[in-house]
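Some notes on the structure that comes next.
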Amino acid sequence: MSARPATPASARLGFGVVLVGAAMAFVAPGGGQPTAWGTLLAWHRGATTVPLILCSTPDANSAEPRPAAVVTVLQSEALHDMPGKRITTVLVHYGPRGMTPRHVHGGAVTAYILSGHVRSQLNDGPIGVFGPGEMFYEPVGTVHTISENPSFDEPAELLATFVHDEGAALTTLLK
């Protein structure tokens, strides 16, 4: 296993926000059972607000919540040759059995699997399992029906690059 390079302070700050939010996502009001849907946070970088998604939902075969996918914004920049557009790159970490509920993105997305395996379904299309070095594309308006790590003991990570309108929510959870 190779060591990761040092993380810039801005990324560490964003990751800290994710960790605090992850803890909040598993606490129901009044200290009851974990919430079925998680928390949508915003990460601020200058005048830019980038949403971060944290979620937890019960497994179909159990009343226990599944682990949240943790999203870390790595970079977000204006596309100067395309006024009003941005390119944002995020790291999505799925712990074992980690998942994100059904959702849509506010722009086009390309996902590249870094490690582990990610099970994915777009709209009502076929379900695919993608491994390291494989990619998939989500056009604007696509419903990401399934997004999960199918492993019970190995984590998975993917790098997602969004091209989106300035100010658009990167991800919106659907019921």
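The values are calculated or read from the model by the stated rules, or taken from the named source; none is laboratory data. Nothing here was measured: the structure is a model prediction, and the numbers come from that model. Positions of Cβ are generated from backbone atoms using ideal geometry, with glycine treated the same way; all protein chains shown enter the neighbour counts.
Residue-level analysis places Thr145 among those that are at pLDDT 95 or above, among the hydroxyl-bearing types (Ser, Thr, Tyr) and in contact with a Lys or Arg (Cβ under 7 Å, 6 or more places away or on another chain). Remark: pairs (first residue in segment 152-174, at positive phi; second residue in a strand (DSSP E or B) and surrounded by fewer than 16 Cβ atoms within 10 Å (Cβ to Cβ); Cβ separation under 8 Å; 6+ apart in sequence or on different chains) = Gly167/Thr49. Restricting attention to segment 95-112, the residues being more than 17 Å from Asp153 (Cα to Cα) and either hydroxyl-bearing (Ser, Thr, Tyr) or assigned to a strand (DSSP E or B) (or both) number 10.
Here is a yes/no grid of residues against (1) in a loop (DSSP other than H, G, I, E, B); (2) modelled with pLDDT of 95 or more; (3) crowded, with 19+ Cβ neighbours inside 10 Å:
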| position | (1), (2), (3) |
| --- | --- |
| Ile53 | no, no, yes |
| Ser56 | yes, no, yes |
| Leu74 | no, yes, no |
| Glu77 | no, yes, no |
| Ile87 | no, yes, no |
| His93 | no, yes, yes |
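Among the residues that make up segment 125-133, is at least one of them closer than 22 Å to Asp165 by Cα and surrounded by fewer than 21 Cβ atoms within 10 Å (Cβ to Cβ)?
Among the residues of segment 125-133, not one is closer than 22 Å to Asp165 by Cα and surrounded by fewer than 21 Cβ atoms within 10 Å (Cβ to Cβ), which makes the answer no.
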